[in-house]
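Student: The structure that follows is given in the form of structure tokens.
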Amino acid sequence: MRWGLRILFVVGLLCMSAPYSKPQVREIRVAAAADLSFAMPDLARQFEKQTRVKVSVTYGSSGNFYAQMQNGGPFDLFFSADIEYPRKLEAVGLAEPGTLYEYALGRIVIWAPVDSKLNLAMQGWQALLEPRVQKIAIANPQHAPYGRAALAALKNAGIYEQVKAKLVFGENIAQAAQFIQSGNADAGIIAMSLALSSAMRNGKCWEIPASMHPPIEQGMILLKSARDKDMARAFLEFVLSPTGKGILTKFGFSIPGTNSSSYRGLDRGSTPALVTTRS
Amino acid sequence: MEALLLSLRLALSVSAILLVIGMPLAYWLAYSKWRGKFLLESVVALPLVLPPTVLGFYLLVAMGPRGPLGRMWYALFGHGLAFTFSGLVLASVLYSFPFAIQPLVAAFEGVDRKLIEASALLGAGRFRTFQRVILPLSVPGVVTAMVLSFAHTVGEFGVVLMVGGNLPGVTRTVSIDVYDHVQSMEFAQANRMAFLLLAISFAFLSVVYAVNRRVGRRVWASWVAR
């Protein structure tokens, strides 16, 4: 019994000291917008495999991160769902000059649960006008970039006035998705990156053509306060590499410069020829 | 301003409902001799432990068309419960439950047993004893329960965020409004709204506590006992 206790004590001590005796692992700290929740783990895993550098990621809203970074938030890299935030960080001198990249464009879709009676592939916008659609969830356009895009798209489609009373607002795009997934809203406009996630993949979805909303520019930047600038830079380059781009595309982003259709503003007549649909 | 009025309306409804359902429940919790009472006490205290966003998520699921609450509500009124003022009231009642129940139970338990027995010996029934003896002696506890549930509802954020849907005049309460302003970096508006909320809450709480503590205890008591 005595010995048992002693052994337990020694083992306990070893356990406590273990993390400190290991050689320091190099690590980069990434603040990532919530729309990267599914692409970023893949990016990080690939990068870790190549370099043995650990990527530790915190997900949140870009606006919250922006406020934290102005007050010394402990991050090396910032991946924002709205390029305006990193742009402002660069302007006030909190970021390394010349490290701002537009790494992807967000895509938006109309989404409904799998058991919904809507036929999104056939109906497209018209689905939202159906009487059985009582609530439509979008992210708050006041501060969420995907919400702004959704609102602009509704206006461009010419149905905003008709659906205005049906709109409910999630604090961010993930919450808007939750509103629909739980059945409290009948349909909604969410990020393609969420619609492709394992929890929502089987739902119904119709992509809103990129020409119908202002581009949702995803921006990344290296912060001045970064601990390991070389490694952080290497990660930026990895995201811009063909491998990184491949992962981003797979998880529902498009790559700037490769997309032929571009935003044409308030031009209601022009329905783009190429529309990807899934149902 | 709309948001502030909405918050006050919500908080008033919630305290009123909690007063009505809280009294009998607290009475039972204070005087029942049932052995399993601790189980119910734990259930009442649960909203204190659950993070508001978790509670909010459960409520959202329960209010959905596949959830028990949502189905019941749909059968009764023909529309969903989430994103409505009623839904918000229901969520807030659950969230503020312990803040109303616990002061009430403490107040009822604090009443001298001898007085209750004396009342019974003089021939008063249970309800009359409650009305003429227990309630007048528990007035400070009742006021505390009301003030706490009111204040807790005004300051509520996570649950409203989860089930509200941020509709102006319906579910956009003052805490959500302030948060939105901060998020969109309209700090001046956020400041103005937050300060207004602070000032009104402070004034309200001071008045209630002043009435409760000093001047009014006897007045209140005699008014209730009348």
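No value in this document is a laboratory result; all are computed from the given coordinates. The model shown is predicted, which means the values in this text are computed figures rather than measured ones. Neighbour counts are summed over all protein chains in view; Cβ atoms, including those assigned to glycine, are modelled from backbone coordinates with ideal geometry.
Student: What is the fewest-to-most order of A:Y160, A:Y103 by other Cβ atoms lying within 10 Å of their Cβ? Write out the running numbers ahead of the final one.
Tutor: Details: A:Y160 14, A:Y103 22.
Going from least to most buried by this count: A:Y160, A:Y103.
Student: Amide H to amide H under 5 Å from A:L167: which residues, 5+ apart in sequence or cross-chain, H placed 1.01 Å off N in plane?
Tutor: A:I136
Student: So if I place +1 on the C-beta of Lys and Arg and -1 on the C-beta of Asp and Glu, and nothing else carries charge, what would the dipole magnitude of the protein assembly as shown be about its Cα centre? I want it in debye, nearest 20.
Tutor: Details: 48 positive and 30 negative charges, 335 e Å.
So the dipole magnitude of the protein assembly as shown works out to roughly 1600 debye.
Student: Let me ask something else about it. Counting pairs of Cα atoms in the protein assembly as shown, how many percent are more than 44 Å apart? Before the final figure, lay out the partial values.
Tutor: Values: 39869 of 127260 pairs.
When every Cα pair of the protein assembly as shown is considered, 31 percent fall beyond 44 Å.
Student: Only Lys, Arg, Asp and Glu count, each charged at its Cβ (+1, +1, -1, -1), so figure out the dipole size of segment B:2-225 about its Cα centre, rounded to 20 debye.
Tutor: Values: 17 positive and 9 negative charges, 188 e Å.
In total the dipole reaches around 900 debye.
Student: Step by step: find N for segment A:96-185, compute 2.2 N^0.38 Å, then divide the Cα radius of gyration by it. What's the final number? Before the final figure, lay out the partial values.
Tutor: Working: Rg = 14.7 Å, N = 90, 2.2 N^0.38 = 12.2 Å.
So segment A:96-185 has a normalised radius of gyration of 1.21.
Student: At 222 nm, what helix-only mean residue ellipticity would chain B give, in deg cm²/dmol to the nearest 500, using -39500 (n - 2.57) for each DSSP H run of four or more?
Tutor: Only helices count here, giving -24500 deg cm²/dmol.
Student: Quick check on packing: order A:231-237, A:61-67 by the mean number of other C-beta atoms within 10 Å, highest mean leading. List each step's numbers first, then the result.
Tutor: Working: A:231-237: 19.0, A:61-67: 21.1.
In descending order of packing, they fall as A:61-67, A:231-237.
Student: Per residue of segment B:126-139, what does 6.51 cos²θ - 1.76 cosθ + 1.60 with θ = phi - 60° give for ³J(HN,Hα)? Whole Hz please, x for Gly and Pro, Karplus curve as stated.
Tutor: Karplus-based 3J(HN,Hα) across segment B:126-139 equals 4, 5, 5, 4, 4, 5, 9, 10, 5, 4, x, 7, 9, 3 Hz.
Student: Oh, and also: Could you work out how far helix B:187-210 tilts from the main Cα principal axis of chain B, as a 0 to 90 degree angle to the nearest 10?
Tutor: 10
Student: Moving to a separate point now. Over chain B, with a Gaussian network built from C-alpha contacts below 10 Å, which listed residue (B:S42, B:S86, B:S15) shows the highest mean-square fluctuation?
Tutor: Highest fluctuation among the options: B:S42.
Student: Still on this structure, I have one more. If you take the beta carbon distance between A:D228 and B:E109 as r and set R0 to 60 Å, what does 1/(1 + (r/R0)^6) give as a FRET efficiency, to the nearest 0.05? Numbers along the way, then the final one.
Tutor: Details: r = 60 Å, r/R0 = 1.00.
Given R0 = 60 Å and the Cβ-Cβ separation, E is 0.50.
Student: Ok, one more. Dipole of chain B (Lys/Arg Cβ +1, Asp/Glu Cβ -1, origin at the Cα centre): which of B:G56, B:T153, B:P103 lies farthest to the positive side?
Tutor: B:P103
Student: So if I restrict to the alpha-carbon atoms in segment B:137-211, what is the Rg, and what is Dmax, the biggest pairwise distance, in Å?
Tutor: Rg, Dmax (Cα atoms, Å): 14.7, 50.
Student: Using a 10 Å cut-off on Cβ to Cβ distances, tally the other chain neighbours for every residue of A:177-188 and report the average as a whole number. Present the calculation step by step, with values, prior to reporting the outcome.
Tutor: Values: counts 0, 4, 7, 1, 3, 14, 10, 15, 5, 2, 0, 0.
Per-residue shielding by partner chains comes out at 5.
Student: Is there a simple number for the mean count of other chain Cβ atoms within 10 Å of the Cβ of residues in B:169-180, and what is it?
Tutor: Shielding by partners across B:169-180 averages 1.
Student: State the volume of the convex hull built on the alpha-carbon positions of segment B:2-225, expressed per residue in Å³ and rounded to an integer. Could the numbers behind the result be given before it?
Tutor: On the way: hull volume 32.1 nm³, N = 224.
Per-residue hull volume (Cα only) is 143 Å³.
Student: Sort B:D180, B:D112, A:D42, A:D35 so the one with the fewest other Cβ atoms within 10 Å of its own Cβ comes first.
Tutor: Ordered by Cβ neighbours within 10 Å, fewest first: B:D112, A:D42, B:D180, A:D35.
Student: Using θ = phi - 60° and the Karplus relation 6.51 cos²θ - 1.76 cosθ + 1.60, list the HN-Hα couplings for segment B:72-82 in order, rounded to whole Hz, with x at every Gly or Pro.
Tutor: In residue order, the calculated couplings are 4, 4, 5, 5, 7, 10, x, 9, x, 9, 5 Hz.
Student: A further question on this structure: Would you list A:K204, A:K250, B:K114 from fewest to most Cβ contacts within 10 Å? Before the final figure, lay out each step's value.
Tutor: Numbers: A:K204 23, A:K250 12, B:K114 8.
Neighbour counts put them in this order, fewest first: B:K114, A:K250, A:K204.
Student: How tilted is helix B:52-63 with respect to the longest principal axis of chain B? Cα atoms for both, answer in degrees (0 to 90, nearest 10).
Tutor: 90
Student: Mind running the shape call on segment B:5-135? Use the C-alpha gyration tensor, a ≥ b ≥ c as the square roots of the eigenvalues: rounded below 1.5 for a/c, prolate if a/b tops b/c, oblate otherwise. Walk me through the numbers before you get to the answer.
Tutor: Working: a/c = 2.44, a/b = 2.13, b/c = 1.14.
In terms of gyration-tensor shape, prolate.
Student: Follow-up question, since we're still on this one. Return the sequence-ordered ³J(HN,Hα) values of segment A:248-253 in whole Hz as given by the Karplus equation 6.51 cos²θ - 1.76 cosθ + 1.60 applied to θ = phi - 60°, using x for Gly and Pro.
Tutor: Result, ordered by residue: 4, 5, 4, 9, x, 10 Hz.
Student: What does the structure give for B:92-101 when I average, per residue, the other chain Cβ atoms found within 10 Å of the residue Cβ?
Tutor: Values: counts 0, 0, 0, 0, 0, 0, 0, 0, 0, 0.
Mean number of neighbouring Cβ atoms from other chains: 0.
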